[in-house]
1. What number comes out for the charge environment of Ile56, summing +1 per Lys or Arg and -1 per Asp or Glu over other residues with Cβ under 10 Å away?
2. Can you give me the distance in nm between label points at Arg52 and Gln232, each placed 7 Å from the Cα along the Cα-to-Cβ direction?
3. What net charge is computed for the residues neighbouring Arg272, neighbours being all others with C-beta under 15 Å from the C-beta of Arg272, Lys and Arg scored +1, Asp and Glu -1?
4. Under 5 Å between amide hydrogens, which residues at least 5 positions from Asn120 or on another chain qualify, with H placed 1.01 Å from N in the peptide plane?
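Laboratory data are not the source of any read-out in this text; all were calculated from the coordinates shown. Keep in mind that what you see is a predicted model, and the values were worked out from it rather than measured. Note that each Cβ is placed from the backbone with ideal geometry, even for glycine, and that neighbours are counted across all protein chains shown.
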Amino acid sequence: MPEMYFYYFNQGYPLPALHFRTPGVTQLMIRFVILLASVLLVTGCATSPTGRSQLIMVGDEQMSASGQQLFLQMKQKGKVVRDPATSATVSCVVNALLPQLPPPWQGGWEVQVFGDKEPNAFALPGRKIGVNTGMVKLVRNDAQLAAVIGHEIGHVIARHANERASMSVASQLGAGMAEVMAPGTGDLVNIGSQVGVLLPYSRAHESEADVIGQNLMANAGFDPRESIRLWQLMEKQGGGKPPELLSTHPATQSRIEGLNAHLKVTMPMFQRAQAAGRRPHCGS
Ligand SMILES: [Zn+2]
């Protein structure tokens with residue numbers, strides 16, 4: 001008489017009963033595949049703003065919570081600056097960009113300037129934007145600041161951190177099949193979401209954020225050609241020690257080529273924005 005196993009890994013998705021004569025590796029593998037498939041059933045494939053297929057296994061609320069927690073920790077480290085002129089410049093650029101985001105993303109962003117000479121900027125799930133004073137000093141104009149902030153916002157609205165977290169969860173599931181016996185997916189997802197926020201971006205994510213960022217800045221009335229000058233400036237900066245931003249966002253030749261190629265799309269956007277009176281002056 002075969003033993004019967006019933007697995008209901010996710011409420012609402014009852015899975016068929018499986019029959020095995022003896023438990024073994026095959027059975028474990030089947031359990032793993034069922035777990036993965038059931039996770040994919042509830043979450044699974046999504047599409048990024050540029051039409052790329054994505055594996056999304058972690059809830060957006062979870063990602064937002066991780067991003068907000070990290071942002072809070074960064075603010076608590078004491079690098080927060082109260083420099084009204086710099087804050088006004090950064091807010092002006094962000095406020096010009098936000099109305100150009102797709103509707104669910106336009107509101108609720110928090111912007112913080114950090115007193116750090118390192119030319120860096122970032123955005124986190126949970127709608128958080130951080131810009132170092134070093135970045136504001138480095139850029140030559142508003143459009144270059146819009147380029148880097150737009151790029152970082154691009155990572156968030158394309159849910160790149162979630163994708164990285166999902167890959168991390170999937171690989172942990174794959175590596176630790178024993179875990180499947182008593183699935184601690186809550187912990188896995190929690191760890192995954194934190195990893196997703198912290199890991200460097202892949203090349204696919206970089207080029208996607210470049211496209212989204214350049215669209216954003218052009219639609220807001222910032223000259224998209226400045227995105228190329230920004231990365232060239234970043235690369236020249238620092239002499240022997242390249243800026244921290246480049247460790248997660250390398251300014252490769254392929255990035256410059258991609259940004260150049262995309263100008264054929266964004267220059268007309270920029271001209272339309274200017275004609276419509278969107279000509280932001282933020283004092284960079
Ligand atoms: Zn990036």
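1. Around Ile56, the surrounding residues sum to -1.
2. Here the answer is 2.5 nm between the modelled labels.
3. Values: positive: Lys264, Arg278, Arg279; negative: Asp223.
It works out to a net charge of +2.
4. HN-HN under 5 Å from Asn120: Asn132, Gly134, Met135.
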